[in-house]
Each structure stands twice: as C-alpha cells, then as structure tokens.
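The values are calculated or read from the model by the stated rules, or taken from the named source; none is laboratory data. Keep in mind the model is a prediction, meaning the values are calculated, not measured. Here the Cβ positions follow ideal geometry from the backbone for every residue, glycine too, while neighbour counts run over all protein chains shown. Side chains are part of the model used for accessible areas, which takes the heavy atoms of the whole protein and leaves out ligands, DNA and RNA. Shrake-Rupley method; radii C 1.70, N 1.55, O 1.52, S 1.80 Å.
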Amino acid sequence: MFHVCFKVPVQLVLLFIVISCTPTEKEYKGDLIISNVNIIDVRKGGIIQAMDVIINGDTITQIVKHGGTFTRNSKVIDGTDKYLIPGLWDMHAHDWFAYKEFTPMLLANGVTGVREMFGELDRVKEIKDSLATGKLDGPRIISSGQIIDGSPAAWQGSVEVTSGEQGRVLVRKQLAEGADFIKVYSLLNKDVYQSIAGECKKLNVSMSGHIPIKVKLEEAISSGHQSAEHFFGILEYCSSKRDSFYTSLQNEKFKGFEMDKFTSRLKFITDTFDSSRVKPLVELLQNNNMWMTPTSVVNRSAAFLNDSTFTNDKRIIYMPAFITEMWTRSKRSKEDFDVERKWYKLGLSIMKRMVNGNVKFLAGTDFGNPYVFPGFSLHDELEIYVKDAGFTPLQSLQTATINPAIFLRSGGGVVEEGKAADLVLLSANPLDEITNTKLVDGIVLRGVYHDGTILKKNLEALAKRDTSNEAVGK
C-alpha cells in the first residue's frame, strides 16, 4: 500500500481553525430595522446602547445587540448616535375638526397619538376608518363625544343635561356612537354628575374632563373621575376656606361661562391657599386612580394673552386661518391677567411635590386654543414640567409616553418586543435635556418610517399655503 502525503502550510491550517471556530453571523428579517440605535428606557431612565430594533408589520418583533446582518428586502435606518423613544401622545387635544391641517405639525413633532376631548363622533369615525384602511396617515385618535355639561352650558356645542336620567341615557348613546370615553364639564350639578359617573362605572367606561365647580375633589375621586383637566378642582383642596366655599356654591346659578365668576374663583383659591394642605392633597391623590392633565401651556396662554412677547409667536404661520381668526385678544383687565398668572404659577409650585409623591401625570396641551400649537406645544408642555415645575427629564418624558399607555390600557408606551411600532428617532438624548425631544430625526408610525426631512418639508408647505380660501371645517 502506498501513502501519499501533502505538506499543508501552517498558515492555511490556522485560517481553517479560525473560520471553523467563528460563529456564523445571524441574519434578521424585518420590514423595517432601526440599526445601531440607543434606546431610551422610559420605565427607569436608562439607555440601552447599540441595539437593532426589528419591526414587522406594525409591531416591534425583536430587539437585539447590533452586529447581525439583515435580509435583502429589509428597510434599514441607521440609528448610530441617535436615540429611540416611544411615540409621543398629546392627552388633551381638539383635533378632529382640522385633522388634515394639524397632522403635518403633529407628525413633524413626533406626536403619534392624541386624546380628543370634544369629538364629533361621525367625523371621528371617518378618521379612524381612514387610518385603519391606510387612506389617511396620521396620529392615532382616542375620542370622547360631545362635552356633557349643565344648562346653560359653558360652551356652544356641548350637550346640556339637567337630570340624572338624561345623563345616563346620554352615556349609553355616546358609547353606541363610538365614544371611547365620556367627558364631563364644569357646570354639571352634583347629582347629575354622580348619575353619569355611576353609569360609566356600570358600563366600565372611563369618565374624564373638568371636575364640576360644585364637586369636591374627594367626591370626584369616589365617583371614578379618571383624569382631571387643567388643574381645575385641584388647588381648591388647598384652600383654608374650602368647606364654606363649596357650601356657598350649591345654590348658585350659572349663566354659562362667566369670566367675572371664573376670575373671582381663581382669586379666592390663591388668596386662601394653605401650604400645609399640600401634603394631604398628595396623600389623597397618590392612592387612587385619578390622573392629572395640567395642560400648563394653555393655562400659561390664558394668563399671558396681553403680553406681546408671548403672542408674537412665529409658529402661527403653520396654523389654519380659520383657527387664528378666533384667537381674538381678550378684553380682560390687567388685574384679571394678574390673577390668572398667580393661579398658574401656584399650580406649578406644587407639581414637583405631587410627582415625587407618585401622583400620576399626563401631558396634554388643549391645542386649538390661542397660541397652543399642535405638536410644538407638547414639547413646550414637557419643558414647563422640567424648567418651571421641577420634574426630572425622565418624569416629564413619561407623561407623554408610558403614562398615556398605562392610562389608556394600550400596553404600549415603551420600546420593547411585542409593542406597537410607534416610535420617535431623536438626534440627541432627552434625558440630558428635555428640549431634545424637539430634535426629531424621523418617526415610525404603525411600522412605517417617515424621514424627518420629509416631515419638515410637509411642515414648511403649511407655512407657504394659500390661506385665502380656508374656511371652518374644510
């Protein structure tokens, strides 16, 4: 038998060993992949660095350490040195009547969801259906029906209710028409309000809105009022004369919204504020399911409408003419504005103690009101929380991401596997500086990527449009 020997170079042997011992690079398949991005953990405030976020359909299906390869048909977005947060929610919006006009502003600012607080349900259904079928591309919308108020109502278009049975019937009617929750308002009588609340509990539907003027905070809590708007009904708890105040209100008749009575109420609150009652206020709120939606930007707007440095806002160029035409200057006196400013700043002064005491907050703006701009003002709201109220950037960011998800029971609001692919890609870290939420590099909406450059072009198109033919409800 003959044996033939071949001399194999040492270098080739070593190369074979190295190749055989190197793990095969894993290949990932995704409709969309955000590669090598830093993920902001909005639960705890950490940063998960250099990750690949893999999206299929409208869901985050995998999050893996950067380093794999991707199938050919995957759309890959380079996230190097960028930061990924959940899509932002504005939890107090007036959007349906100008959804088309407002959408470019919302998307350019990373707003992927809104809670509509005064819905015309037929129109809201059209919007939802168009979003579901892909005919319309815009933020998700959760909506109430028409505001439910006393008689006469504070605002035109509200439904006036004067009996408990009327209230119960209206709750069922709005739910049948597609309302996601019920919104109540300031001038409801206590017994009617409690009948509405009882029907909402019976049908397991959320009730939110203004705490009625005649209803104490603890009564609203026991009624199941789930989010209190604008801080109305909150600071009253800290009045040294609150019991006599509410006793005097029970037989008072209102003629709709009356500015003099509104200002007098704010003055009473600030004049009788007792700082020793802040602690029991926090203790009351931290142990129940009521959320605060302070809408600081609209409160600030109301207090500074006589200040030209405030009203000379360049962002007005993006707004539809039929909106800004309603932004007439208030004829209130300087003293009235001074009262509103004092009340607004008083609310800010206790918010840090509240959030540190585990009181739950939602970011909302009330856009559509004077000098409150869709999308833009949500960032203003978050900045107010940090710079004026003392929140940490994380606490502020949570009010527009994970907190709305918890409140809405959507299971989203975080960048995690299995969650909805509504995301915002930022060019700087919002945990370093909350104003970095404005630096939108792109967004993911229902799993589809929208480049920030295009979003900005859509925004600039608003500024250049011909507004001469704009009309209400167009």
With a ≥ b ≥ c taken as the square roots of the eigenvalues of the C-alpha gyration tensor of segment 41-101, please select rounded if a/c is under 1.5 and otherwise prolate if a/b is larger than b/c or oblate if it is not? oblate
Within segment 435-467: backbone nitrogen closer than 17 Å to the Glu325 label point (7 Å, Cα to C-beta): 465-467
Heavy atoms only, 1.4 Å probe, whole protein assembly: order Ile221, Ile33 by accessible area, highest first. Ile221, Ile33
Between Asn458 and Ser410, what is the FRET efficiency for a Förster distance of 22 Å, r being their Cβ-Cβ separation, to the nearest 0.05? 0.25
Enumerate the calculated ³J(HN,Hα) couplings along segment 155-168 in order (Karplus 6.51 cos²θ - 1.76 cosθ + 1.60, θ = phi - 60°), each rounded to whole Hz, writing x wherever the residue is Gly or Pro. 10, 4, x, 6, 9, 8, 10, 10, 9, x, 5, 4, x, 5
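Taking R0 as 41 Å, what FRET efficiency do you get between Lys135 and Thr392 from their Cβ-Cβ distance, rounded to the nearest 0.05? Before the final figure, lay out each step's value.
Details: r = 41 Å, r/R0 = 1.00.
So, using R0 = 41 Å, E works out to roughly 0.50.
To one decimal place, what orientation-averaged projected area in nm² is obtained for the convex hull of the Cα set of segment 99-165?
5.7
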So how far, in whole Å, is the C-alpha centre of segment 67-117 from the one of segment 179-229? 32
Which one, Pro212, Ser244, Gln226, projects farthest toward the positive side of the charge dipole computed for segment 208-293 from Cβ point charges (K/R +1, D/E -1)? Ser244
Give me the accessible area per residue for segment 136-285, probe 1.4 Å, as a whole number in Å². 42
Among Ala302, Ile316, Met326, the residue whose Cα sits farthest towards the positive end of the charge dipole of segment 268-330 (+1 at Cβ of Lys and Arg, -1 at Cβ of Asp and Glu, taken about the Cα centre) is Ile316
From the list (1) 34.2, 103; (2) 26.2, 118; (3) 23.9, 78, can you say which value of Rg and Dmax of the Cα atoms in Å was derived from the structure given? (2)
Rounded tilt (10° steps) of 452-464 against the dominant C-alpha axis of the chain: 40
Taking protein heavy atoms only, a 1.4 Å probe, and rounding to whole percent, the accessible area of segment 362-474 owed to carbon and sulfur comes out at 49
The long-range amide H neighbours of Met91, using H built 1.01 Å from N in the peptide plane and a cut-off of under 5 Å, are Arg115, Ala363, Gly364, Thr365
I'd like the orientation of helix 10-21 relative to the chain: the angle between its Cα long axis and the longest Cα principal axis, in ° from 0 to 90, rounded to 10. 30
Per 0.36 nm of contour for each residue apart, how much would the distance between Asp243 and Lys255 grow if the chain were fully extended, relative to their Cα-Cα spacing? 2.0 nm
Charge dipole (segment 335-443, unit charges on Cβ, about Cα centre) - positive-most of Met354, Trp343, Ser410: Met354
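Run the dipole for segment 27-169 about the Cα centre, Lys and Arg Cβ at +1, Asp and Glu Cβ at -1, nothing else charged, and hand back the magnitude in debye, nearest 20.
The calculated dipole for segment 27-169 is roughly 500 debye.
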Put a dot 7 Å past each Cα toward the Cβ at Thr435 and Thr80; how far apart are the dots in nm? 2.9
For the Cα atoms of the chain, what angle does the longest principal axis make with the long axis of helix 259-271, in degrees from 0 to 90, nearest 10? 80
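Using +1 on the beta carbon of Lys and Arg, -1 on that of Asp and Glu, and nothing else charged, what's the dipole of the chain about the Cα centre, debye to 20?
Working: 57 positive and 57 negative charges, 80 e Å.
Once rounded to the nearest 20, the dipole reads 380 debye.
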Applying 1/(1 + (r/R0)^6) with R0 = 35 Å to the Cβ-Cβ distance of Asp271 and Thr162, what FRET efficiency is obtained, to the nearest 0.05? 0.60
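Can you list the trypsin sites (Lys or Arg not before Pro) in segment 49-111 that are in a DSSP coil and have 14 or fewer other beta carbons within 10 angstrom? Show your work: numbers first, answer last.
Details: sites: Lys65, Arg72, Lys75, Lys82, Lys100; in loops: Arg72, Lys82.
Of the trypsin sites (Lys or Arg not before Pro), the ones in loops of segment 49-111 whose Cβ has at most 14 other Cβ atoms within 10 Å are Arg72.
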